[in-house]
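Here the structure comes first, spelled out in structure tokens, and everything after it is commentary.
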Amino acid sequence: MPRAVELRLDVADRVQHLAGQHYVVRLTAEDGYTAQRSYSVASAPGNPLVELFVERLDDGEVSTFLADVVEPGDRLEVRGPIGGWFVWDGERPALLVGGGTGVVPLVAMLRTARELGRGDLLRAAVSTRTLAELPYADELLEAGALVGTTREPHGVRPAGRLTAADLVPLWEPGQTAYVCGSAGFAEAASQLLVELGIPATDVRVERFGASG
Ligand SMILES: Cc1cc2nc3c(=O)[nH]c(=O)nc-3n(C[C@H](O)[C@H](O)[C@H](O)COP(=O)(O)OP(=O)(O)OC[C@H]3O[C@@H](n4cnc5c(N)ncnc54)[C@H](O)[C@@H]3O)c2cc1C
């Protein structure tokens, strides 16, 4: 069983997205029952396809369908791009803090920065159970992201959550912070940032929680 799936969608009449925005995928059963879930865009706006990264939750209604049933060439009903707050404009310095699949919109920001030749604007710290479970691990490491692993050591870093000591060297005045992950991760990470002295108004949060 795949743990996750990357979907690359050729969206008809597409409106170009901004890094950080998401799409809603809607499934409709033969009896008319529908289920819809949000998925962040991983690709940079310039990419002709819209790339989504979906983690497969064993008891998940929509993620199991997308991971197990959908095949190349299938048609999906999508709506987007959505979101006006959790977006990076490609100009301002930012600190990206992601947990698990919460790294997906941050990857779109890093890819956008790379396309603009402005990798210097972004700093990133991400948290994952193990490196093998981190979406886009190679790309994040290549972009210089600090990677914290909670279930295994990573390099000289012991297993554990991100700490203030991890974030201090990445923080610079003037940055906007983008925090994305589960509700628990988002809460803990934004609290860390505010404790570091970052004004709460400069912290933008996206929570991927249950969205039944
Ligand atoms: C703005 C936004 C962007 C998102 N982007 C992504 C993305 O890029 N990639 C991605 O994989 N997901 C993303 N999500 C989460 C996604 O929308 C779904 O919630 C997720 O795929 C689970 O849906 P499901 O139908 O498979 O599970 P459900 O049938 O809804 O739930 C199954 C079980 O899993 C629990 N659960 C639901 N959601 C989660 C979760 N996110 N983490 C842990 N447990 C959960 C439920 O409580 C339930 O017990 C995003 C959510 C939001 C709000």
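Every number here is computed from the coordinates shown, using simple stated rules; none is lab data. Just so it is clear, the structure is predicted and the values come from calculations on it, not from any experiment. Reconstructed Cβ throughout: ideal geometry from the backbone, glycine too, with neighbour counts over all protein chains shown.
A few remarks follow.
- With an a/c value under 1.5 for the gyration tensor axes a ≥ b ≥ c computed over the alpha-carbon atoms, the range 94-208 is described as rounded.
- In plain terms, the chain from Glu187 to Glu30 could stretch by 52.6 nm, reckoned as 0.36 nm per residue minus the Cα-Cα distance.
- Sorted on the mean count of surrounding Cβ atoms within 10 Å across their residues, most packed first, peptides 21-29, 191-199 read 21-29, 191-199.
- The Cα center of the range 25-76 and the Cα center of the range 121-165 differ in position by 26 Å.
- Ranked by how many other beta carbons lie within 10 Å on average, peptides 132-142, 38-48, 102-112, 154-164 from highest: 102-112, 38-48, 132-142, 154-164
- Averaging the sequence gap over all C-alpha pairs within less than 8 Å and six or more residues apart, then dividing by the number of residues, gives the chain a relative contact order of 19 percent.
- Full extension of the chain segment joining Val11 with Asp202 gains 65.5 nm, where the gain is 0.36 nm per residue of separation less the Cα-Cα distance.
- Net charge of neighbours whose Cβ lies under 12 Å from the Cβ of Val25, counting Lys and Arg as +1 and Asp and Glu as -1: +1
- Given +1 at the Cβ of Lys and Arg, -1 at the Cβ of Asp and Glu and no other charges, the dipole of the range 94-208 around its Cα centre is 120 debye to the nearest 20.
- Within the chain, percent of DSSP bridges classed antiparallel, to nearest 5: 50 percent
- Note on Trp171 and Arg75: their simple-model spin labels are 5.1 nm apart, each label 7 Å out from Cα toward Cβ.
- In nm, spacing of pseudo-spin labels at Arg114 and Thr64 (7 Å Cα→C-beta vector): 3.4 nm
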